[in-house]
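Quick note: the coordinates plus some simple rules give every number you see, no bench work behind them. Fair warning: this is a prediction, and the values are worked out from it, not measured in the lab. No Cβ is skipped: glycine too gets one built from the backbone with ideal geometry, and neighbour counts run over all protein chains shown.
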Amino acid sequence: MEKLMVTGGRPLRGTVQISGAKNSAIALIPAAILSETTVTLDNLPVLSDVAIYSELLEELNAPVIWQGDQMTIDPSALLSKPMPNGNVKKLRASYYLMGALLGRFGEATIGLPGGCNFEPRPIDQHIKGFEALGARVSTENGSLRIQAKELRGAKIYLDVVSVGATINIMLAASRAKGVTLIENAAKEPEIIDVATLLNSMGARIKGAGTETIRIEGVDSMHGCRHSIIPDRIQAGTYMILSAATRGDVVVDNVIPKHLEAVTAKLQEMGVEIQEMDESIRVIGKPEYESVDVTALVYPGFATDLQSPMTSLLTQTKGTSILSDYVYSNRFKHVPELTRMGAKIKVEGRSAVIDGGQLSAAKVKATDLRAGAALVIAALTVPDGVTEITGVEYIDRGYDHLVSNLSSLGAEVWREQD
Ligand code: EPU
């Protein structure tokens, strides 16, 4: 196992290129198996989760050629087979194989997902969607077995706004008979990205990005070429990191509209932001105002940036309150930040953060975004070396992390633990 070593206290300066969105990529790769011919994905991030997904497709007899940021998937000889264990357990997003295989073959048996389990993350809304489309769903030895004689379009109201359930239902409904309406759908940019790919493959989806999505099922789907949207969470993390180190970083290859909530919050704190067509320059200041932040579904402030934001809020001169209304207890980064001297109290769904100088410590990333929070915190510490274990979590979502940070002037390196 590796650990990340960080000597902070330097303002980061320069330009960082943002890669394609992880949370799009790991939905687009399984979406490709709804096609009967070859699908090519461009602007793919080079991440461990993407590597695991490509192995999953190989297991299903869909050969994958992955070179740099491009992946070609050939699902023409795809097999319908149970996937109870192994790689499916390493990845939360393996649940997208349920919707994709159900759409393609009318059946799927998939081990219940693993991944970043910072709190119990139910999939009842996915199941509700599959059942509404006419599938029978049962649990067998830790796997979900989903079977349908025929998938039929239906009106599905999601009780909880869920990115995963919205995408999974879109996947299965693309090949159902008739029209499906998803009401109270998630509106994240990744939903639009998946719908764009599916439509290029021959699906008929309207309304992605709004709370009502209409899917008219089609009999067959074909290959296409698709470029993945930029990763707004990776971009937001570098924006926060620039502010936290009082740096001056241009975050390039982004869609600024996807980052409005974080831009607005940074400006409210006193960070200077310059927005260009495809990049955002973030200029840090010596002092910041405390602010209150609430993580909500899109277009609200992203829950995935809540942990990185916690670290930035330790750099203000007052007290900030940060609440998460997507997850009820996504605060595993807080005890680790406390080891670094942060003054944070968690009260229900909120963290109350008093500003103050952090110090070097040995800390542990417990999930992907908690890891990002620790890297940001470590970069603000002027003396000593912070050791971060659990790097494998950070590698799930931040490609080229060490080289990107080094090119911005950070002193960061990996060591064997
Ligand atoms: N929920 C339910 N029932 C369901 C599905 C979700 O109660 O059937 C609840 C969840 O427990 C949560 C809320 O609804 O409280 C939202 O969950 P959602 O389904 O939207 O999350 P997800 O699809 O499992 C994706 C991202 C997460 C990101 C969330 C919210 C992927 C693979 N993961 O998860 O990303 O936090 O949307 O935006 O796309 C990350 O990148 O670090 C990460 C965790």
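3J(HN,Hα) along segment 209-226, derived from phi through the Karplus expression 6.51 cos²θ - 1.76 cosθ + 1.60 where θ = phi - 60°, amounts to x, 10, 7, 10, 10, 10, 10, 9, x, 10, 7, 8, 10, 10, x, 6, 10, 9 Hz, with x in place of Gly and Pro. Rounded to the nearest 10 degrees, the inclination of helix 189-200 to the longest alpha-carbon principal axis of the chain is 30 degrees. Our coupling estimate for segment 123-128, obtained by passing each phi through the Karplus curve with A = 6.51, B = -1.76, C = 1.60 and θ = phi - 60°, is 10, 4, 6, 4, 5, 4 Hz, Gly and Pro reported as x. Each label was represented as a point 7 Å from its Cα along the Cα-to-Cβ direction; for Leu296 and Asn61 these points are 4.9 nm apart. Mean-square fluctuations from a GNM of the chain, with a 10 angstrom spring cutoff on Cα atoms, peak among Gly207, Gly348, Gly384 at Gly348. A simple charge model with +1 on the Cβ of Lys and Arg, -1 on the Cβ of Asp and Glu and nothing else charged puts the dipole of segment 22-227 at about 460 debye relative to its Cα centre. Here the Karplus relation 6.51 cos²θ - 1.76 cosθ + 1.60, evaluated at θ = phi - 60°, turns the backbone of segment 350-366 into coupling constants of 10, 10, 9, 10, 9, x, x, 5, 8, 10, 5, 7, 9, 10, 10, 6, 9 Hz, with x for every Gly and Pro. What the Cα atoms of segment 5-122 give is an Rg and a Dmax of 16.4, 56 Å. Separation of the alpha carbons by more than 21 angstrom is noted, of Lys128/Lys187; Lys343/Lys364; Lys3/Lys285, for Lys3/Lys285.
Once you have the alpha carbon radius of gyration of segment 22-227, what is it after dividing by 2.2 N^0.38 Å, with N set to its residue count?
Expressed relative to 2.2 N^0.38 Å, the Cα Rg reads 0.91.
Here the extension length gained between Arg414 and Thr338 equals 25.1 nm, from 0.36 nm per residue of separation less the Cα-Cα distance. Here the Kirkwood formula puts the hydrodynamic radius of segment 286-371 at 12.9 Å, using every distinct Cα pair.
Peptide packing: for 87-98, 357-368, 234-245, the average count of neighbouring Cβ atoms within 10 Å per residue gives the ranking 234-245, 87-98, 357-368, highest mean first. Proximity of backbone amide H atoms, modeled 1.01 Å from N, is registered between Phe301 and Leu296 at under 5 Å, excluding neighbours fewer than 5 places apart on the same chain.
Taking the inverse of the mean reciprocal distance over all distinct Cα pairs, the Kirkwood hydrodynamic radius of segment 261-305 comes to 11.5 Å.
Starting from 0.36 nm per residue, how many nanometres of slack lie between Glu347 and Tyr157 once their C-alpha separation is accounted for? Kindly include the intermediate steps, with their values, before the conclusion.
Numbers: separation 190, 0.36 × 190 = 68.40 nm, distance 3.16 nm.
Residue separation times 0.36 nm, minus the Cα-Cα distance, leaves 65.2 nm.
Bridging of Lys257 to aspartates and glutamates at a Cα separation below 16 Å is possible for Glu188, Glu190, Asp193, Asp231, Glu275, Asp277, Glu278, once same-chain residues fewer than 8 apart are set aside.
Scattering from segment 215-358 was approximated by placing one identical point on each alpha carbon and applying the Debye formula without solvent; log10 I(q)/I(0) at 0.08, 0.22 1/Å stands at -0.25, -1.39.
Past the 21 angstrom mark, what percentage of all C-alpha to C-alpha distances in segment 327-410 do you count?
Roughly 29 percent, once rounded to a whole number.
Which percent, to the nearest 5, of DSSP beta bridges fully inside segment 131-243 are antiparallel? Kindly include the intermediate steps, with their values, before the conclusion.
Details: 13 of 18 bridges.
Looking only at bridges with both residues in segment 131-243, the antiparallel portion is about 70 percent.
The label-point distance for His222 and Asn329, in a model that sets each label 7 Å from Cα toward Cβ, rounds to 5.2 nm.
Proximity of backbone amide H atoms, modeled 1.01 Å from N, is registered between Lys364 and Thr389 at under 5 Å, excluding neighbours fewer than 5 places apart on the same chain.
With R₀ fixed at 30 Å, the C-beta to C-beta distance from Gln274 to Lys206 puts the FRET efficiency at about 0.25. The DSSP beta bridges internal to the chain are antiparallel in roughly 70% of cases. Kirkwood's formula applied to the C-alpha pairs of the chain gives a hydrodynamic radius of 21.7 angstrom.
For GluC sites (Glu not before Pro), the sites in segment 117-164 that DSSP calls loop and that have at most 10 other Cβ atoms within 10 Å are Glu150.
Close amide H partners of Thr15, meaning residues 5 or more places away or on another chain with modelled amide H under 5 Å apart, are Val250.
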